[in-house]
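The values are calculated or read from the model by the stated rules, or taken from the named source; none is laboratory data. Because the structure is a prediction, the values reported are computed rather than measured. All Cβ positions, glycine included, derive from the backbone under ideal geometry; neighbour counts span all protein chains shown.
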Amino acid sequence: MAESTVASNNIEDNKHQNNPYAYLSRDDFTSEKFKIEVSGLPKYYGIKEFKKLLNDKLHLNTCKVKPLKKKSHWMFVAFRNEDDRERAISIIDGYMWKNCKLMAKKAKAAPDPLIKRRIEADADTCNKKIKFDENGEEIPTSELVKSSTIPLWDVPYSEQLSFKQKEMKSIITQLGENISRENRSLGSWVKKQQEKNDGLICELKPILSTNVTEGYRNKCEFTIGKSRDGDEIIIGFRLASYAAGSTAVGPIDDLCHISSRMKTAVKIFQNFVKESKLDVYDPVCHTGFWSQVVARTSRLDHLMLIIAVHPQDMTEDQLTELKSKIRNFFEEGEGKEANVTSLYFKIMKKKNSEDEDDSKNYEHLSGCLYIEELLFDLKLRISPRAFFQINTHGAEVLYKAAIELAECNSENTSFLDICCGTGTIGLCFAKYCGEVLGLEMIKEAITDAKENAKRNNITNCDFFVGKAEDLLKAVIQRTTKSEIIAVVDPPRAGLHHHALLSLRKAKKLTKLLYISCDPKAAIKNLIDFARPVSKTLSGEPLVPVKAIPVDMFPHTNHCELVILLERIGNLQNTDNTT
């Protein structure tokens, strides 16, 4: 099966090399297949408002809505099948909305960015962009991997911290300007703040860091792919993005932010992949099998590996045989040297028209169901899909800063941990408040959170499964204390607008800690918290008071930022009293 599949895959690969639209003929779903353009949109409207029109009023089955760049009166809308697309065009075209006549037509699918770049320039010319420096010298693969993962590796750490402090100051400056523009009633308060804080809307504390700047990552997602010349199978990181025209993978040997424990395990499994008869997954043609290895480690020397495979046309018996070989490799074979304490197998599913529960794609093969980690004086369990900060030493610095910012030290306080993962922030706060209520959409993470509370003898915590935008209102009503302090640690995209509305509306909420690994992306949320009261946005504005940068990602451009927000009325009353 494997050899014949590889041969047919090679033929398919050649067919796709110079066709940027070949991906449309595949069976797996892409929103580009059934896309329309909607034009004639009004001058003032919101994407959320437009989605409500399409889905709630016109009852269209949309799957994606995206504005056209530099054309605010145009919008792309994607559907899951041709029938839905044709029905949408017939309904939208000519429809009057906000005194504007809408127009709708089929939209041309976007070309595959990698194939497009190959067409625009021959392969050698395109590859020079990542192969050679300005002097025409070939850049070693090890340097390319560093530049794509730890671009600040050769910058003294003190300079890295200085650079990130300046970046955070720039972001806080931008935040203040935006809040002043969006809520003019705050003008005098913002001006006073800027006078106190060197021109900033809030106090910006010096950046915090740890003494551990190497081997700090406790989780990595490694790609199984081919080297630059395509001759060698490597488990490592991409040398450049897909859109930049490369799918090549480089080794992790010289990356200082990855522990030797992870490197050893990856190298050992790389030999297994090389010796197997299965090819690696090709993201261009969607052929091949080996896809990804996720590694998680802990201070207790635990190691979890999640081996991800695209099954293609494998039968159940063939999959069972492959899983058995992987299990035996780590339990009895060469892989035993890696000392894996928790081993999982993951099926990478093709995109299709139905949303799937990703947890069904994981299968436990060997060892424990989870790994354990130490954080302060807490012993925590972490399941494969559960979120946990990727830098444990940095997490302690981060949570300590959050505790000090919140100044939470009362039995009359309810603490809300939104996007709580394994419950770590809430559990750290538990001793400083009357009760902790956590929300998280991943079921296994909530199971971890409840077990973590139990095993650490913390009795004032409760955790709930579901999306924050769906549960938050009910959880707020469930609080039993007179004051609420909340912490939000959302994904990069930020907090869902419905969740934000619920927090603004909660009268008992006096303080909110916003933790962001991408502060630029968080600006929109922070502006919305500070907007004036309106029909859709009730509750007194929450404005930034203090901010602390925390370097969770040494040798990279990324930085965590903790911002304390408080009700503007409380702050103004304090100023008047003073």
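Do we have Ala530 as surrounded by 16 or more Cβ atoms within 10 Å (Cβ to Cβ) and more than 23 Å from Lys192 (Cα to Cα) here?
Considered against the rule, which asks whether it is surrounded by 16 or more Cβ atoms within 10 Å (Cβ to Cβ) and more than 23 Å from Lys192 (Cα to Cα), Ala530 comes out as no.
Can you run down the residue pairs with Cβ atoms below 6 Å, 6 or more apart or on separate chains, where the first is in the range 451-480 and in a loop (DSSP other than H, G, I, E, B) and the partner is at pLDDT below 95 and not hydroxyl-bearing (Ser, Thr, Tyr)?
Close Cβ pairs satisfying both conditions: Lys467/Met441.
Go through Thr320, Thr247 for me and flag whichever is among the β-branched types (Val, Ile, Thr), surrounded by fewer than 21 Cβ atoms within 10 Å (Cβ to Cβ) and under 19 Å from Glu363 (Cα atoms).
Thr320
Output the residue which, of all residues in the range 141-193 that are among the aliphatic types (A, V, I, L, M) and over 20 Å from Asp518 (Cα atoms), is nearest to the chain's Cα centre (by Cα).
For the range 141-193, the residue satisfying everything is Val145.
Go through the range 377-386 and give me each residue that's within 22 Å of the chain's Cα centre (by Cα) and either surrounded by fewer than 23 Cβ atoms within 10 Å (Cβ to Cβ) or part of a loop (DSSP other than H, G, I, E, B) (or both).
Correct list: Arg381, Ser383, Pro384, Arg385, Ala386.
Scan Ala486, Ala493, Ala521 and give me the residue that is among the hydrophobic types (A, V, I, L, M, F, W, C), in contact with a strand residue (DSSP E or B) (Cβ under 9 Å, 6 or more places away or on another chain) and either surrounded by fewer than 16 Cβ atoms within 10 Å (Cβ to Cβ) or outside any helix (DSSP H, G or I) (or both).
Ala486
Since His73 meets every condition but one in (1) closer than 30 Å to Asp279 by Cα; (2) modelled with pLDDT under 80, which condition does it not meet?
Among (1) closer than 30 Å to Asp279 by Cα; (2) modelled with pLDDT under 80, His73 violates only (1).
Of the residues Ile476, Ile484, Ile446, only one is modelled with pLDDT of 95 or more, more than 20 Å from Asn183 (Cβ to Cβ) and within 19 Å of the chain's Cα centre (by Cα); which?
None of the others qualify; the one that does is Ile446.
Among what's in the range 281-303 and is at pLDDT 95 or above and among the hydrophobic types (A, V, I, L, M, F, W, C), pick the residue that is surrounded by the fewest Cβ atoms within 10 Å (Cβ to Cβ).
Leu300
Applying the selection to the range 144-186, what residues are in a helix (DSSP H, G or I) and in contact with a Ser or Thr (Cβ under 7 Å, 6 or more places away or on another chain)?
Result: Tyr157, Leu161, Leu186.
For Gly215, indicate whether it is assigned to a strand (DSSP E or B), of a type in the set (Gly, Ala, Ser), under 28 Å from the mean Cα position of the chain (by Cα) and modelled with pLDDT of 95 or more.
no
Applying the selection to the range 185-194, what residues are touching a residue at least 60 places away in the same chain (Cβ under 8 Å) and either more than 16 Å from Glu540 (Cβ to Cβ) or surrounded by 17 or more Cβ atoms within 10 Å (Cβ to Cβ) (or both)? Even if it seems obvious, please write down each step before you answer.
In the first step, residues of the range 185-194 are kept if they are touching a residue at least 60 places away in the same chain (Cβ under 8 Å); the result is 185-186, 189, 192.
Scanning the range 185-194 gives Leu186, Trp189, Lys192.
Any residue at all in the range 387-406 that's under 30 Å from Phe345 (Cα atoms), free of Cβ contacts under 8 Å to residues at least 12 places away in the same chain and either assigned to a helix (DSSP H, G or I) or hydroxyl-bearing (Ser, Thr, Tyr) (or both)?
no
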